[in-house]
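Working notes, beginning with the structure itself.
The values are calculated or read from the model by the stated rules, or taken from the named source; none is laboratory data. All figures in this text were calculated on a predicted structure; none of them were measured in a lab. Note that we place each Cβ from the backbone using ideal geometry, even for glycine, and neighbour counts take in every protein chain shown. Remember, those area values only see protein heavy atoms, side chains included, never the ligands or the DNA or RNA. Shrake-Rupley method; radii C 1.70, N 1.55, O 1.52, S 1.80 Å.
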Amino acid sequence: MPGLRPAVFLDRDGTLNVDRSYILRPEDMQLLPGVGEALRRLQAAGFACVVVTNQSAVGRGMMTDVDLDQVHAEMKRQLAALGVTLDGIYACTIAPRTEDKIALEYPDRKPGPGMLLRAAADLGLDLARSWMIGDTLRDILAGQNAGCHECILVRTGHPIDETQFGLAEPFHVADDLVAAARLVLANYA
Ligand SMILES: [Mg+2]
């Protein structure tokens, strides 16, 4: 739609930073190699870069909202040093009731599309021209549930279980965020 920007929605742990299962303290936040370059290239091409992250550690009582803010402040500090300012960070802090990683329990918790839809409304984003990049099938499904143009699974986080690939519509696989950004830009006229 005219006037709306395309976005790249980004999972956090295992996509932007080293996955340590729970990132509870700022000192646990370590960006993956090439992330700054990838985000700079996407933003230079006109994509809003928006983090959408499930952070159930808050809902599980392992950390507070303030702790999460401090982790994100550290992530923003590290990105700023690489010349990147994110367009938004959305976090779902609800703890799931099921062990099923792809069950859609709450609209905001991936694989629910809630955070992406909210970001689109807040920031004026065109979902049909937007991409979702993440390291789990849950991220792929969130992007597809939100009506994103394409989704990319990166190999920098969770071990990939290819037996589950059929549970989603077709998607791309890339070695890391740099390769994923290259794929987005190659498909963007
Ligand atoms: Mg992840």
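Could you identify the single residue in 36, 14, 83, 46 that is under 19 Å from residue 152 (Cα atoms), open to solvent by 20 Å² or more (accessible area, probe 1.4 Å) and touching a residue at least 40 places away in the same chain (Cβ under 8 Å)?
Matching residue, one of 36, 14, 83, 46: 46.
Which residue out of 27, 74 is more than 16 Å from the ligand (Cβ to nearest atom) and in contact with a Pro (Cβ under 7 Å, 6 or more places away or on another chain)?
74
Of all the residues that make up region 1-20, how many are more than 6 Å from the ligand (Cβ to nearest atom) and either in contact with a Ser or Thr (Cβ under 6 Å, 6 or more places away or on another chain) or assigned to a strand (DSSP E or B) (or both)?
8
Quick check: is even one residue across region 54-73 under 22 Å from residue 116 (Cα atoms), touching a residue at least 60 places away in the same chain (Cβ under 8 Å) and either of a type in the set (Gly, Ala, Ser) or crowded, with 19+ Cβ neighbours inside 10 Å (or both)?
yes
When you scan region 114-143, how many residues do you find that are open to solvent by 10 Å² or more (accessible area, probe 1.4 Å) and within 16 Å of the ligand (Cβ to nearest atom)?
Within region 114-143, residues that are open to solvent by 10 Å² or more (accessible area, probe 1.4 Å) and within 16 Å of the ligand (Cβ to nearest atom) number 4.
Just checking, does region 90-100 include any residue being within 17 Å of the chain's Cα centre (by Cα), touching a residue at least 12 places away in the same chain (Cβ under 8 Å) and open to solvent by 70 Å² or more (accessible area, probe 1.4 Å)?
No, every residue in region 90-100 fails to be within 17 Å of the chain's Cα centre (by Cα), touching a residue at least 12 places away in the same chain (Cβ under 8 Å) and open to solvent by 70 Å² or more (accessible area, probe 1.4 Å).
Are any residues in region 16-51 of a type in the set (Lys, Arg) and modelled with pLDDT of 95 or more, and if so, which ones?
25, 40, 41 - these are the residues of region 16-51 that are of a type in the set (Lys, Arg) and modelled with pLDDT of 95 or more.
Looking for something farther than 26 Å from residue 34 by Cα, away from the ligand (no atom under 13 Å from the Cβ) and under 16 Å from the mean Cα position of the chain (by Cα) - is there at least one such residue anywhere in region 179-189?
Within region 179-189, not a single residue is farther than 26 Å from residue 34 by Cα, away from the ligand (no atom under 13 Å from the Cβ) and under 16 Å from the mean Cα position of the chain (by Cα).
Is one or more of the residues making up region 146-163 within 15 Å of the ligand (Cβ to nearest atom), surrounded by fewer than 24 Cβ atoms within 10 Å (Cβ to Cβ) and of a type in the set (Gly, Ala, Ser)?
For region 146-163, residues within 15 Å of the ligand (Cβ to nearest atom), surrounded by fewer than 24 Cβ atoms within 10 Å (Cβ to Cβ) and of a type in the set (Gly, Ala, Ser): present.
Out of 50, 84, 71, I need the residue that is under 18 Å from the mean Cα position of the chain (by Cα) and closer than 12 Å to residue 16 by Cα. Which one?
That would be 50, the only listed residue that is under 18 Å from the mean Cα position of the chain (by Cα) and closer than 12 Å to residue 16 by Cα.
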